[in-house]
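Each reported figure results from applying straightforward, stated rules to the coordinates on display, with no laboratory input. Just so it is clear, the structure is predicted and the values come from calculations on it, not from any experiment. Here the Cβ positions follow ideal geometry from the backbone for every residue, glycine too, while neighbour counts run over all protein chains shown.
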Amino acid sequence: MRPAEPDREARDGGDDSAPSPDPTDLRLMARALAMASRAALRGEVPVGAVIARGDRVIAAASNRRESARDATAHAELLAIRAACARLGGWRLTGLTLYVTLEPCPMCAGALVQARVARLVYGAADPKAGAAGSLFDIPRDSRLNHRPMVTAGVLEEASVRLLQEFFRAKRSTAVRASARGAGAPRESHS
């Protein structure tokens, strides 16, 4: 795997400091975070996605893997499907996908296939990320389409939401396990 290229904004900036986040990026990532919070309330891993043209939202979605019982019901794929339906075609050229967690290989592949112009994500995913962490599908020069990638927008808020969700999930699991350890089993005969 080749090293990740710096974002186009960083290359154009002329210095080594990180570019200031674009106000539109901040606003739309905040919207993706709101979608992620909705997912958490439903017991889903809190990932939210928004697809926009400029500052106009085309589609928004959050994870629904558990409720839909569908391994492909990731926020990014649901947002891509909704945007395609709304626009009446599969090419999402000129659009930006905002997502709170770095896309997995399936979602990164889908955004390339849909011709999304730009990916903006919050938290890196060192275990499954495919936009620079584990793989780098959007920047793979062998592909016919390579969206621009901007990482780390509202990263702390994205990480915090995921950490709080999994901390609560572990806490609930520990309490349930402790209750079940000494309790007699009921017979359902």
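Less than 15 Å from a label point 7 Å out along the Cα-to-Cβ axis of S171: which backbone N atoms in segment 93-129 qualify, by residue? Once the point is set 7 Å along Cα→Cβ of S171, nothing inside segment 93-129 turns out to lie under 15 Å by backbone N.
Annotation: extensible slack from R56 through R146 equals 30.2 nm (criterion: 0.36 nm per residue apart, minus Cα-Cα distance). Working ranking of peptides 151-163, 134-146 by packing, defined as the average number of other Cβ atoms within 10 Å per residue, highest first, is 151-163, 134-146.
Assuming a ≥ b ≥ c are the square roots of the Cα gyration tensor eigenvalues, decide whether segment 22-120 counts as rounded (a/c under 1.5), prolate (otherwise, with a/b larger than b/c) or oblate. Verdict is oblate for segment 22-120.
By definition, a body whose alpha carbon gyration tensor gives a ≥ b ≥ c is oblate when a/c is 1.5 or more and a/b is not larger than b/c, and segment 64-137 fits this oblate description. For L101, the residues 5 or more places off, or on other chains, whose built amide H falls under 5 Å of its own are G48, G122, A123. Just to verify a number: FRET efficiency for Q113 and A30, C-beta to C-beta distance, R0 = 30 Å, to 0.05? Computed FRET efficiency for Q113 and A30: 0.65. Out of segment 18-116, which trypsin sites (Lys or Arg not before Pro) are coil in DSSP terms and have no more than 11 other C-beta atoms within 10 Å? Taking segment 18-116 and a limit of 11 other Cβ atoms within 10 Å, the loop trypsin sites (Lys or Arg not before Pro) found are R69.
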